[in-house]
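Inspection log for the structure reproduced underneath, given as structure tokens.
The values are calculated or read from the model by the stated rules, or taken from the named source; none is laboratory data. Please read all numbers here as calculations on a predicted model, not as lab measurements. Glycine gets a Cβ as well: all are built from the backbone with ideal geometry, and neighbour counts include every protein chain shown.
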Amino acid sequence: MLPKFSSRAFLAPMAGVSDPALRLQCKQKGAGLVVTEFTNIHSIIAKEKQLKEDTKTIQEFIQYSEQERPLSVQLFGSDLFALEKAAKIVEPYFDIIDYNMGCPAPHITQQMAGGALLQEVNLTQQIFSTLVNAVKKPVTLKIRSGVTNASKFLFREIAEIAEDEGIQMITFHPRTVSQGYSGTADWQMIKELKEISGIPIVGNGDITTPEDAKTMIDETGCDYVMIGRGAMGNPFLFEQINDYLKTNSYNEYSFKDHLDSFFDYLHLTNHYKIKFGNIKSQAIRFTKGMQGGSKLRSKITVSKNIEELEKVMNNAYTLS
């Protein structure tokens, strides 16, 4: 059984972006579900073995906090034996196990993982069956429409197999793998998937405003929406979407609010081991669209530690 979600707007798993501090911040701002950065099944197995020797748990490797719940862990990799083992390792810690069949990055698709699996019907069926039988927690799926334009309707068969095998929810990004993030997401395909599916569908792709979220729900009938790039440096988006869906209005936030929000994020990073490079990247995202932003970003880029970064960001208040 899927857990109860507090809202219809979810945070997407984004490599190098959806770290535990940002996830918690988005949760506090109204995200109904947050998903970890996708994690290689082989890394989970290797890491668990190493951590066990130090009497530590996988939580040291996939960091999270209890306040993020319900929390979904996203896995990738197609070795069935390793998949079963990794799913059993993470199951006690997470509420949902999500499987990635949407990542378009070549270094992922080349190892027969992510979006490349859409064209492997038999292997896909085995993957779903393996996962659902390995764990008692709900298993969900994230997919793209197909691999190339010529195969852009692969999602139909994959979704049918997923439902037959016991997958409980599908997040659908209606772009092909070869499209990457270019062009536009074809929301009409989400509508089609919703019409043929008996399980909840999460629409994903090109939601950057509360209006986008409402339009997607109205046009496609999807149950939930998932926000990726639109939430980068803008955790307010979840609260705005929730308000807009309820009241048709929402609060606007100033650049000063965005700076405050970055410092909230920075404060949360103290509880986790997050690489300084990643924190700098988040700082850059929080300054998006700010007057004098490009100058500010070049200063962020050359900052060498948290103290320098804080100084740069504090000086930004004079710009906002």
Those residues of the stretch 19-33 that are closer than 18 Å to SER281 by Cα and either part of a helix (DSSP H, G or I) or at pLDDT below 95 (or both) come to a total of 7
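Results for (1) touching a strand residue (DSSP E or B) at 6+ places or on another chain (Cβ under 6 Å); (2) farther than 13 Å from PHE76 by Cα; (3) of a type in the set (Val, Ile, Thr), shown as yes or no for each residue.
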site: ASP98; (1), (2), (3): yes, no, no
site: ILE108; (1), (2), (3): no, no, yes
site: LEU117; (1), (2), (3): yes, no, no
site: GLN125; (1), (2), (3): no, yes, no
site: LEU154; (1), (2), (3): yes, yes, no
site: HIS173; (1), (2), (3): yes, yes, no
site: LEU193; (1), (2), (3): yes, yes, no
Of the candidates MET101, MET14, the one satisfying the condition of being closer than 30 Å to ILE241 by Cα, in contact with a Gly (Cβ under 6 Å, 6 or more places away or on another chain) and of a type in the set (A, V, I, L, M, F, W, C) is MET14
Here the residues within the stretch 133-151 that are more than 21 Å from VAL225 (Cα to Cα) and surrounded by 15 or more Cβ atoms within 10 Å (Cβ to Cβ) are ALA134, VAL135, LYS137, VAL147, SER151
Of GLY289, GLY277, the only residue that is free of Cβ contacts under 8 Å to residues at least 60 places away in the same chain and either part of a helix (DSSP H, G or I) or of a type in the set (Ser, Thr, Tyr) (or both) is GLY277
Among residues of the stretch 198-212 being among the small types (Gly, Ala, Ser) and buried (at least 19 other Cβ atoms within 10 Å of the Cβ), the residue farthest from MET226 (Cα to Cα) is GLY205
Notebook entry, point to check: Any chance the stretch 296-305 includes a residue that's at positive phi and surrounded by 13 or more Cβ atoms within 10 Å (Cβ to Cβ)?
Noted result: no
So for the stretch 19-39 (the condition being crowded, with 22+ Cβ neighbours inside 10 Å and more than 24 Å from PHE262 (Cβ to Cβ)), does at least one residue qualify?
yes
The residue that is farthest from the chain's Cα centre (by Cα), considering only those in the stretch 173-211 that are farther than 25 Å from PRO138 by Cα and assigned to a strand (DSSP E or B), is THR176
Within the stretch 213-229, residues buried (at least 19 other Cβ atoms within 10 Å of the Cβ) and small (Gly, Ala, Ser) come out as ALA213, GLY228
Apart from one, (1) under 19 Å from the mean Cα position of the chain (by Cα); (2) farther than 27 Å from VAL34 by Cα all hold for PHE236; the odd one out is (2)
Residue count, the stretch 149-172, condition under 20 Å from ILE97 (Cβ atoms), in contact with a Gly (Cβ under 7 Å, 6 or more places away or on another chain) and outside any helix (DSSP H, G or I), comes to 1
Among helices (runs of 4 or more DSSP H) completely within the stretch 34-148, the ones holding 1 or more residues that are assigned by TED's automatic domain parsing to the domain that holds LYS194 and either at pLDDT 95 or above or touching a Pro at 6+ places or on another chain (Cβ under 8 Å) (or both) are 41-53, 80-90, 121-134
Restricting the stretch 1-18 to residues that are closer than 22 Å to HIS258 by Cβ and under 12 Å from the mean Cα position of the chain (by Cα), the one surrounded by the most Cβ atoms within 10 Å (Cβ to Cβ) turns out to be ALA9
The residue from ASN242, ASN251, ASN270, ASN314 that alone is buried (at least 18 other Cβ atoms within 10 Å of the Cβ) and polar (S, T, N, Q) is ASN242
When restricted to PHE286, PHE276, PHE255, PHE262, the only residue touching a Gly at 6+ places or on another chain (Cβ under 9 Å) and at pLDDT 95 or above is PHE262
- Query: Is it fair to say ILE161 is in contact (Cβ under 8 Å) with a residue 24 or more places away in the chain, surrounded by fewer than 16 Cβ atoms within 10 Å (Cβ to Cβ) and of a type in the set (A, V, I, L, M, F, W, C)?
  - Reply: no
Item checked: Residue within the stretch 46-64 that is within 20 Å of LEU266 (Cβ to Cβ) and in contact (Cβ under 8 Å) with a residue 12 or more places away in the chain present -> yes
